[in-house]
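These notes concern the structure reproduced below.
What follows draws every value from the coordinates through simple rules; no lab data is involved. Given the structure is predicted, the values throughout are model-derived calculations rather than measurements. Neighbour counts are summed over all protein chains in view; Cβ atoms, including those assigned to glycine, are modelled from backbone coordinates with ideal geometry.
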Amino acid sequence: MDADTLRAILDAQSIAQQKTLDTLMDKMEEMFKTMAATPAGTRASTTEFVTNSLSARLPEFTYDPENGCTFDVWYNRYEDVITQDGATLDDAAKARLIVSKLDAAAFARFTNHILPKKPAEVSVQDTVKTLQELFGHNTSIFARRYTYLRTQCSGRGNCHVADTTSLLGLDWITQVEPLFHQLTGNTTCNAVSATTLAKLRSSLTAQLQKQFAAVFAPGLGCCTKSKASLKLKPDATPVFRKARPVPYAVLPRLSQEIDRLIAANVLSPVDHSDWAAPIVVVQKKNGSIRLCADFSTGLNNALDQHQHPLPTPDDIFTKLNGGQYFSQLDLAEAYLQLEVDEESRPLLTINTHQGLYRLNRLPFGVKSAPAIFQQQMDTMIAGLDGTAAYLDDIIVTGKTINEHNVRLEAVLRRIHDYGFRVRLEKCSFLQTEIRYLGFIVNAKGRQPDPAKIEAIHNMPPPKNVSQLRAFLGLVNFYGNFVKNLHNLRVPLDALTKKDATFLWTPACQSSFDRIKAILKSDLLLTHYDPSLPIVVAADASNYGIGAVLSHQFPGIRKGHLSCKQDLNTSSEEIQPNREGSFCSYICGSEIPPLRPRSSLYLVD
């Protein structure tokens with residue numbers, strides 16, 4: 001082949017390639033024009049295609065700091081893929097893409113952290129920043145050891161010298177901020193193993209049974225220090241009610257229960273009385289029955305209220321500050337261990353199928369009984385450190401096992417002196433965590449009882465105002481744990497207003513679901529400690545105002561108490577006692593002026 005022929009062939013190929021390129025460019029230009037005029041729905045399909053394509057290229061993020069798998073490392077490696085290759089995506093789509101690549105554990109931790117917000121409500125910048133904070137790089141064990149070994153503390157304190165390895169006390173631990181943060185964060189440092197603690201618990205129980213045999217003896221105790229007294233209103237008149245019919249199948253067991261109470265000197269038969277209340281028979285879980293007098297039929301309206309306050313949960317848990325070990329005591333048949341004075345006994349007459357009986361002990365169902373019994377409990381445990389009582393439920397705590405045991409013995413000694421008895425099968429000794437007043441209590445603080453939260457979570461959407469009020473009542477019990485609850489409740493509260501039509505809207509369902517989701521997340525309130533600085537954060541919206549009282553620990557802030565008020569509520573419905581609940585914690589302390597554009601202020 002000569003040179004001219006070869007040149008002709010190459011020229012022909014060049015012309016063909018140019019035509020092909022021109023055709024391709026024309027088609028691309030048409031495609032871009034078509035995309036510019038494409039409806040929103042089609043563009044959404046393009047966004048979905050790009051998102052799916054990028055998602056296939058990005059590996060799942062799993063947090064493993066010991067092996068260097070942190071979010072910083074993951075994001076630095078794939079940032080260009082997200083920002084450059086995903087340039088056509090908006091910020092919301094990029095945020096969704098990043099969150100979709102979190103594994104199950106990381107996703108759960110992230111969503112719990114941002115509550116009450118949803119992932120879709122967090123910008124891509126805040127999403128990345130939050131993930132970097134949650135799943136950042138951990139300092140190596142070697143570096144942490146080096147930091148701890150170089151720690152120096154100046155001042156005066158106690159140092160216990162022993163042949164064995166010693167544990168650092170809190171006054172030393174607080175000098176090392178990373179160590180303090182780790183020990184007071186999500187990890188737990190146990191002083192003794194579970195096996196050792198179980199042996200100590202068994203030994204302690206046996207020792208207490210022997211040392212306080214009278215306190216744990218079966219049967220009903222009787223208070224030796226005082227008697228209950230009931231006071232009638234000046235215009236009170238006697239009310240006599242006839243006996244209610246009792247199912248024939250229950251009559252034999254009811255007669256046995258009456259005989260038992262007569263033998264225990266709880267009941268005494270009488271021939272005549274100006275006062276009489278009918279009874280209600282209640283079956284217990286174990287198959288036995290409880291005889292209950294229905295004093296709502298007349299006596300309660302005629303009685304003056306006994307003026308002694310019942311403690312609030314905040315009052316109780318404030319006394320548990322610093323506790324590491326807990327014991328719980330339950331008085332047998334509670335009120336019935338408190339005698340009634342002679343003048344009050346005629347008022348406590350019951351009408352049964354066997355005739356009239358007079359109660360010699362303080363029964364359940366009397367309006368003033370809780371306050372009377374609580375006053376007796378408060379008097380009995382007065383001056384005992386680390387001890388609190390709510391009616392017949394007594395809790396004892398201590399920082400160490402020895403301190404706990406000493407305090408527990410002191411309480412049992414008081415119980416013995418007062419003549420009360422305790423049900424051993426309902427007591428718990430030397431626990432690191434207990435259930436009390438609907439909460440789980442441990443060294444870190446308190447959190448909602450999972451069983452109670454599960455019951456709330458399983459509640460179906462309410463069908464009427466009564467069911468809605470029941471739900472809101474349960475939620476409000478754990479209101480201290482939920483930030484901005486007054487905002488979340490707005491659609492639900494609107495349905496409870498006077499003359500409001502009950503219409504369950506999507507906004508109501510969303511509020512209902514959000515509240516339940518927050519209660520299922522990791523919630524914790526720390527114990528109150530007057531030696532720690534207090535931070536009060538306040539906020540307001542168009543719907544309400546709220547405030548949170550927290551303790552400032554080194555490197556971390558933990559909530560203790562919150563309050564809120566609906567701004568749409570009339571002044572007659574505002575509860576000043578709740579809104580003034582911070583006074584017990586901050587009054588008497590110097591409060592610096594509020595800084596401009598800040599809702600935080602510090603109480604020394």
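Observations on the model:
- Gyration tensor verdict on the range 47-138 (Cα atoms; rounded if a/c is under 1.5, prolate if a/b is larger than b/c, oblate otherwise): oblate
- Counting Lys and Arg as +1 and Asp and Glu as -1 over every other residue whose Cβ lies under 14 Å from the Cβ of ALA410, the net charge comes to -1.
- Cα lying deepest toward the dipole's positive end in the range 47-138, options GLN84, HIS113, GLN125, charges on Cβ: HIS113
- Every Cα-Cα pair of the range 446-520 was included, and the share exceeding 14 Å stands at 57 percent.
- Farthest towards the positive end of the charge dipole of the range 251-443, among the residues TYR325, ILE258, LEU348, is the Cα of TYR325, using unit charges on the Cβ of Lys, Arg, Asp and Glu.
- In order along the range 365-371, phi translates into HN-Hα couplings of x, 7, 4, 8, 4, x, 5 Hz, rounded to whole numbers, per the Karplus curve 6.51 cos²θ - 1.76 cosθ + 1.60 with θ = phi - 60° and x for Gly and Pro.
- FRET efficiency estimate (nearest 0.05) - Cβ-Cβ, GLU66 to LYS231, R0 51 angstrom: 0.15
- Length released on extending from SER202 to ALA12, taking residue separation times 0.36 nm less the Cα-Cα span: 58.5 nm
- Charge dipole (Cα centre; +1 on Lys/Arg Cβ, -1 on Asp/Glu Cβ; no other charges) of the range 47-138 amounts to roughly 200 debye.
- Placing +1 on the Cβ of every Lys and Arg and -1 on the Cβ of every Asp and Glu, with nothing else charged, gives the range 446-520 a dipole about its Cα centre of roughly 100 debye.
- Neighbourhood net charge (15 Å Cβ-Cβ; Lys/Arg +1, Asp/Glu -1) for VAL465: +3
- Residues whose amide H lies under 5 Å from that of TYR325, counting only those 5 or more places away or on a different chain, are GLY398; hydrogens are built 1.01 Å from N in the peptide plane.
- Cut-off under 5 Å, modelled amide H: who pairs with THR352 long-range: TYR357
- Derived scalar couplings between HN and Hα for the range 309-320 equal x, 7, x, 7, x, 5, 4, 5, 6, 5, 6, 9 Hz in order, rounded to whole Hz, by the Karplus curve 6.51 cos²θ - 1.76 cosθ + 1.60 (θ = phi - 60°), x for Gly and Pro.
- Relative intensity, log₁₀ I(q)/I(0), of the range 251-443 from a Debye sum that treats every alpha carbon as a point, q = 0.13, 0.18, 0.19 Å⁻¹: -0.77, -1.20, -1.27
- Exposure proxy ranking, count of Cβ atoms within 10 Å, fewest first, for THR127, THR496: THR496, THR127
- Listing THR352, THR111, THR23 from fewest to most neighbouring C-beta atoms within 10 Å gives THR23, THR111, THR352.
- Only one residue of ILE372, LEU362, THR387 has its Cα farthest out toward the positive end of the dipole of the range 334-390, where Lys and Arg carry +1 and Asp and Glu -1 on Cβ, and that residue is LEU362.
- Which of HIS272, HIS486, HIS113 has the fewest Cβ neighbours within 10 Å, and the rest in rising order: HIS272, HIS113, HIS486
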